[in-house]
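Student: Please read through the structure below; I'll follow up with questions.
The values are calculated or read from the model by the stated rules, or taken from the named source; none is laboratory data. None of the values given here were measured: they were computed from a predicted structure. Because the Cβ atoms are built from the backbone with ideal geometry, glycine has one as well, and the counts that use them run over all protein chains shown.
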Amino acid sequence: MRVLVTGATTPLGRTLIDHLASSDDCALVLAVGHEPKLDRPLHAGVIYRPTDLTRGRQVKELICGDAVEHGIDTIIHMAQHRATQDHGRKVHAQNVTATRELLLRCTDHPTIRRFVHRSFAEVYALEHATSDVLDEDAALDFDPAAPQWLRDRIEADLTVCAHFGGPLQIAVLRCAEVLAANSGSQLWDYLSSRVCLRPLGFDPMLNVLSLEDAVAAIAAAARSTHTGVFNIPGADTLPLSRAIAETVRLDIPVPGPLLAPLYGLRRWTAGFEFRYDLNLRRFHFGGVIDGARARHLLGYAPCHPVQWPRSWWRLLLERLTDLRSEGT
Amino acid sequence: MDTSTFARLARQATFHDAGHGYDMFGLHPPTLAAMVSAGAPLYDWYFRVDSQGIEHVPATGAAILVANHGGVLPVDAAMMCLDILRRTDPPRIPRAIADHFVPRLPFISTLFARLGAVSGTRANVRALLEQGELIAIWPEGVTGPAKSFKDRYRIKEWRVGFAELAIRYHVPVVPVAIVGAEESWPLGLKLRGLHVFGSPYLPVPATPLPLPTHYHIRYGEPLHLNGAVHRKSDDPDAIANAATRVQVALERLLDETLRARRGVFR
């Protein structure tokens with residue numbers, strides 16, 4: 001397998017490249033990122049190629065030049081703009097136009113046979129009538145009032161889905177939220193505050209994905225020949241209140257209508273990434289994606305829970321329990 | 001059986017932990033155990049639930065329980081779920097299929113989820129049946145609690161979705177007659193103009209509290225709808241026929257139970 005990975009400088013991209021470089025069946029990884037160079041030494045078998053995917057000329061040079069030269073057979077596309085407050089044509093170009101351009105260049109390519117697109121579980125519409133389990137047939141969120149962050153992701157997802165049935169083998173992975181720093185996780189940013197406000201009377205179920213499981217799912221999709229949409233859930237399914245407790249934060253239920261102005265104020269004054277309007281339905285109705293299709297066809301099952309932070313007293317308690325069990 | 005035994009049963013019941021003590025729908029056995037303990041006096045002393053035919057509820061594997069529905073609030077559903085949890089061995093937690101407006105209700109939605117209730121979406125039901133869960137459905141839907149007192153124990157509207165599920169997933173259907181509930185807390189008035197949190201109307205009960213009627217719960221013999229119709233689950237006629245077969249079985253069970261009881265409060 002000779003793989004081209006976009007979004008190589010993100011935490012997920014770096015972990016995926018490490019995983020692929022250390023696996024026996026991957027001969028070469030062509031890592032693509034926006035930054036001029038990677039901030040760490042490269043593994044053997046990894047080549048870094050700085051590329052601005054919003055520039056059609058650079059995409060053409062990458063796919064018709066470097067990819068052909070290195071005999072790339074699989075593309076893993078993960079480059080998406082992470083900041084939720086950014087908007088405009090440049091952001092749309094990175095999220096959607098770049099995806100479309102990549103796909104068009106890959107169609108009828110002499111060496112590329114497979115295209116794996118990392119999409120997001122946030123593309124699903126969460127409503128009171130469709131809460132709980134979301135399979136691949138669940139409705140998508142076409143709310144025109146949704147933030148660009150979300151609309152772009154849905155457009156990119158559907159752009160890739162429109163190429164199903166063509167010469168390219170395509171897998172779209174709708175991944176649960178990767179709970180990790182600098183990965184664009186809204187929940188991570190929400191939980192980074194010492195005080196977490198949540199809607200009074202609601203405690204929805206959430207599913208979060210660890211970096212290790214996300215990498216395992218993407219690598220499994222790259223190796224597979226199955227095509228279509230796959231939900232990629234994580235190993236942690238828990239209520240919002242429990243997620244707040246796991247991160248040792250103060251949980252304060254607040255009447256729903258007050259949350260938008262309070263979090264708007266927080267974003268405006270402290271510059272946090274968390275947007276309540278983006279998470280409003282998720283904080284009321286929840287939604288756990290069903291990974292049965294990925295389990296059956298890709299052989300992916302989540303097995304790496306998120307490493308939740310532990311308070312000092314909890315660590316001490318666990319250590320004392322361990323010592324006691326060792327003693328007996 | 002004392003309340004602590006009830007609570008222990010709830011904790012011992014089969015449960016698919018999704019990693020943090022909750023299942024993927026939000027069921028939380030400790031909360032269920034607490035509510036089971038709290039509801040035990042209602043079951044034992046207030047409604048004096050009399051139950052027969054629990055042996056018809058499969059001890060393992062997926063099955064669909066189909067019951068009649070009445071009363072302002074779903075007290076009948078709560079008593080039936082308590083009865084199954086108490087009398088099945090090993091204890092099974094019935095997964096009540098709630099109406100679509102329930103997830104919009106603050107506090108209620110969370111409490112129902114912790115007790116095992118689930119929205120009746122296709123994906124939810126499929127996931128539950130694939131996990132081998134026991135599903136409880138009230139095909140009358142909101143028309144059940146909306147019935148007038150004179151229409152008690154008369155099935156008016158009968159949804160057929162459960163029959164499609166039973167045929168598609170090859171699971172037995174157990175009809176359950178609940179007698180006592182439809183006289184316990186009759187509907188006085190329907191405020192149709194008030195759709196609080198998306199509910200179809202605001203119910204005003206005829207009595208401030210449910211009356212202490214004597215509950216009788218009867219489980220009928222399981223019906224295997226596949227064997228009866230030999231047709232596909234997407235054939236509307238086959239589904240309608242299967243649903244009618246269950247309705248007839250439930251009405252017969254209701255009639256027998258009503259004839260057998262000595263009085264509403266006895």
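The rows are residues; the columns are (1) within 25 Å of B:Arg122 (Cα to Cα); (2) at pLDDT 90 or above.
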| residue | (1), (2) |
| --- | --- |
| B:Ala166 | yes, yes |
| B:Val171 | yes, yes |
| B:Gly180 | no, yes |
| B:Gly198 | yes, no |
| B:Phe265 | no, no |
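Student: Considering only residues that are among the polar types (S, T, N, Q) and more than 21 Å from the chain's Cα centre (by Cα), which ones fall in the range A:294-318? Can you show your working first?
Tutor: The first filter runs over the range A:294-318 and keeps only residues among the polar types (S, T, N, Q), leaving A:307, A:311.
Within the range A:294-318, A:Ser311 is the sole residue that qualifies.
Student: Right, another one. Return the pairs, sorted by first residue and then second, in which the second residue is of a type in the set (Val, Ile, Thr), the first residue lies in the range B:99-110 and is facing chain A (nearest Cβ under 7 Å), the beta carbons are less than 8 Å apart, and the residues are 6+ apart or on different chains.
Tutor: Close Cβ pairs (under 8 Å, with a partner that is of a type in the set (Val, Ile, Thr)) amount to B:Ser109/B:Val102.
Student: Separate question: Here are some residues: A:Thr84, A:Thr97. Which one is touching an Asp or Glu at 6+ places or on another chain (Cβ under 9 Å), more than 27 Å from A:Gly299 (Cα to Cα), hydroxyl-bearing (Ser, Thr, Tyr) and touching a residue at least 12 places away in the same chain (Cβ under 8 Å)? Give the steps one after another, and end with the answer.
Tutor: Details: A:Thr97 fails: touching an Asp or Glu at 6+ places or on another chain (Cβ under 9 Å).
One residue alone meets the criteria, A:Thr84.
Student: Only one residue in A:Arg293, A:Arg282 is within 14 Å of chain B (Cβ to nearest Cβ), in contact with a strand residue (DSSP E or B) (Cβ under 9 Å, 6 or more places away or on another chain), of a type in the set (Lys, Arg) and farther than 20 Å from A:Ala243 by Cα. Which one? Reasoning before the result, please.
Tutor: Working: A:Arg282 fails: farther than 20 Å from A:Ala243 by Cα.
From the options A:Arg293, A:Arg282, the qualifying one is A:Arg293.
Student: Which ones in the range B:102-116 are surrounded by 19 or more Cβ atoms within 10 Å (Cβ to Cβ) and either among the aromatic types (Phe, Trp, Tyr) or in contact with a Pro (Cβ under 9 Å, 6 or more places away or on another chain) (or both)? Break it down stepwise before answering.
Tutor: Within the range B:102-116, the first condition is being surrounded by 19 or more Cβ atoms within 10 Å (Cβ to Cβ), and the residues that meet it are B:102-105, B:109-110, B:112-116.
Answer for the range B:102-116, where residues must be surrounded by 19 or more Cβ atoms within 10 Å (Cβ to Cβ) and either among the aromatic types (Phe, Trp, Tyr) or in contact with a Pro (Cβ under 9 Å, 6 or more places away or on another chain) (or both): B:Pro103, B:Ser109, B:Thr110, B:Phe112, B:Ala113, B:Arg114, B:Gly116.
Student: Filter the range A:235-251 for residues that are at the interface with chain B (Cβ under 8 Å from one of its Cβ atoms) and outside any helix (DSSP H, G or I); which is farthest from A:Arg282 (Cα to Cα)? Explain how you work it out, then say what you get.
Tutor: Within the range A:235-251, the subset at the interface with chain B (Cβ under 8 Å from one of its Cβ atoms) is A:235-239, A:242, A:246.
Within this subset, residues satisfying the condition of being outside any helix (DSSP H, G or I) are A:235-239.
Values: A:Ala235: 18, A:Asp236: 16, A:Thr237: 14, A:Leu238: 13, A:Pro239: 11 Å.
Ranking the candidates gives A:Ala235 first.
Student: Here are some conditions: (1) of a type outside the set (Lys, Arg); (2) more than 18 Å from A:Gly7 (Cα to Cα); (3) assigned to a strand (DSSP E or B). A:His226 meets all but one. Which one does it not meet?
Tutor: Here A:His226 meets the rest and fails (3).
Student: Is it the case that B:Glu164 is in a helix (DSSP H, G or I) and away from every other protein chain (no Cβ under 11 Å)? Working first, answer last.
Tutor: Working: in a helix (DSSP H, G or I): yes; away from every other protein chain (no Cβ under 11 Å): yes.
For B:Glu164, the condition - in a helix (DSSP H, G or I) and away from every other protein chain (no Cβ under 11 Å) - is met.
Student: Further question on the same structure: Within the range A:220-236, track down each residue that is at positive phi and either touching a helix residue (DSSP H, G or I) at 6+ places or on another chain (Cβ under 7 Å) or crowded, with 19+ Cβ neighbours inside 10 Å (or both).
Tutor: Looking only at the range A:220-236, we keep the residues that are at positive phi, and these are A:228.
Listed by number, the list is empty, since nothing qualifies.
Student: Is there a residue in the range A:160-182 that is at pLDDT below 90 and charged (D, E, K, R)?
Tutor: no
Student: State yes or no: is A:Pro257 surrounded by fewer than 19 Cβ atoms within 10 Å (Cβ to Cβ), assigned to a helix (DSSP H, G or I) and within 14 Å of chain B (Cβ to nearest Cβ)? It would help to see each step written out before you state the result.
Tutor: Numbers: surrounded by fewer than 19 Cβ atoms within 10 Å (Cβ to Cβ): yes; assigned to a helix (DSSP H, G or I): yes; within 14 Å of chain B (Cβ to nearest Cβ): yes.
Criteria met by A:Pro257.
Student: Then there is this: Go over the candidates A:Leu53, A:Leu42, A:Leu30, A:Leu4 one by one and state the one that is crowded, with 22+ Cβ neighbours inside 10 Å and modelled with pLDDT under 95. Break it down stepwise before answering.
Tutor: Details: A:Leu42 fails: crowded, with 22+ Cβ neighbours inside 10 Å; A:Leu30 fails: modelled with pLDDT under 95; A:Leu4 fails: modelled with pLDDT under 95.
Answer to the check: A:Leu53.
Student: I've got another one for you. From the list A:Ala98, A:Ala83, exactly one residue is out of contact with any Cys (no Cβ under 8 Å at 6 or more places or on another chain), surrounded by 21 or more Cβ atoms within 10 Å (Cβ to Cβ) and small (Gly, Ala, Ser). Which is it?
Tutor: On the way: A:Ala83 fails: surrounded by 21 or more Cβ atoms within 10 Å (Cβ to Cβ).
Residue meeting the stated conditions: A:Ala98.
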